[in-house]
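The values are calculated or read from the model by the stated rules, or taken from the named source; none is laboratory data. As the structure is a computational prediction, the values presented were derived from the model and not from experiment. Quick reminder, even Gly has a Cβ in these numbers, built from the backbone with ideal geometry, and neighbours come from all protein chains shown.
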Amino acid sequence: MTPSFEAPDLARRVEAMNEQQRDALPFGVIRLDAGGVVRIYSRTEAALSGRKRRPTIGLDFFAEVAPCMASPEMRGRVEAAKTRGSVDVEIGWIGDFADAEGEIRIRVMSAADGGLWLFMHRDAA
């Protein structure tokens, strides 16, 4: 069964999935290691964001993939949540490569090994 974007155990459930299962989710999935380097970037996210086949794996997410998100509204909130313990925050965001005006709900959750999961939900037009 496909976990919903709102599932309280979403990170745990996605961690148990293989690549094909993550790629089949109806929302984008990005996995950052503890240093902010992209380790997983789902095909769904690549397609929906407009990033397509541009490299992402091994890049610093906030410096090389999405520097616009290295802001107090995104990175600042995530870093503040990390200092309080486990991360589970939802952030509204406007724009990506495919649609500069599109609305995105970003859910950031702690990963089991100290990294982060970023789940990117875009409403269907």
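For the stretch 43-51, the condition holds for no residue, the condition being that it is basic (Lys, Arg) and out of contact with any Asp or Glu (no Cβ under 9 Å at 6 or more places or on another chain).
Could you tell me whether the stretch 54-61 includes any residue that is within 11 Å of the chain's Cα centre (by Cα), part of a strand (DSSP E or B), aromatic (Phe, Trp, Tyr) and buried (at least 17 other Cβ atoms within 10 Å of the Cβ)? No; the residues of the stretch 54-61 include none that is within 11 Å of the chain's Cα centre (by Cα), part of a strand (DSSP E or B), aromatic (Phe, Trp, Tyr) and buried (at least 17 other Cβ atoms within 10 Å of the Cβ).
Every listed requirement among (1) out of contact with any Lys or Arg (no Cβ under 9 Å at 6 or more places or on another chain); (2) among the small types (Gly, Ala, Ser); (3) surrounded by 13 or more Cβ atoms within 10 Å (Cβ to Cβ); (4) at pLDDT 90 or above is met by Gly35 save one, (3).
In this structure, does Ser42 turn out to be surrounded by 19 or more Cβ atoms within 10 Å (Cβ to Cβ), in contact with a helix residue (DSSP H, G or I) (Cβ under 7 Å, 6 or more places away or on another chain) and of a type in the set (Gly, Ala, Ser)? The answer is yes for Ser42. Name the single residue, out of those in the stretch 15-26 being closer than 13 Å to Ser4 by Cα and in contact with a Phe, Trp or Tyr (Cβ under 9 Å, 6 or more places away or on another chain), that is surrounded by the fewest Cβ atoms within 10 Å (Cβ to Cβ). Here the answer is Pro26. Taking the criterion of being free of Cβ contacts under 8 Å to residues at least 60 places away in the same chain and under 24 Å from Pro3 (Cα atoms), the residues of the stretch 27-49 that qualify are Val38, Ile40, Tyr41, Ser42, Arg43, Thr44, Ala46, Ala47. Taking the listed residues Ala125, Ala112, the one that is of a type in the set (Gly, Ala, Ser) and modelled with pLDDT of 85 or more is Ala112, with no other qualifying. When the stretch 62-99 is filtered for residues that are in a loop (DSSP other than H, G, I, E, B), at pLDDT below 90 and surrounded by 17 or more Cβ atoms within 10 Å (Cβ to Cβ), the ones remaining, listed by number, are Ala66, Asp96.
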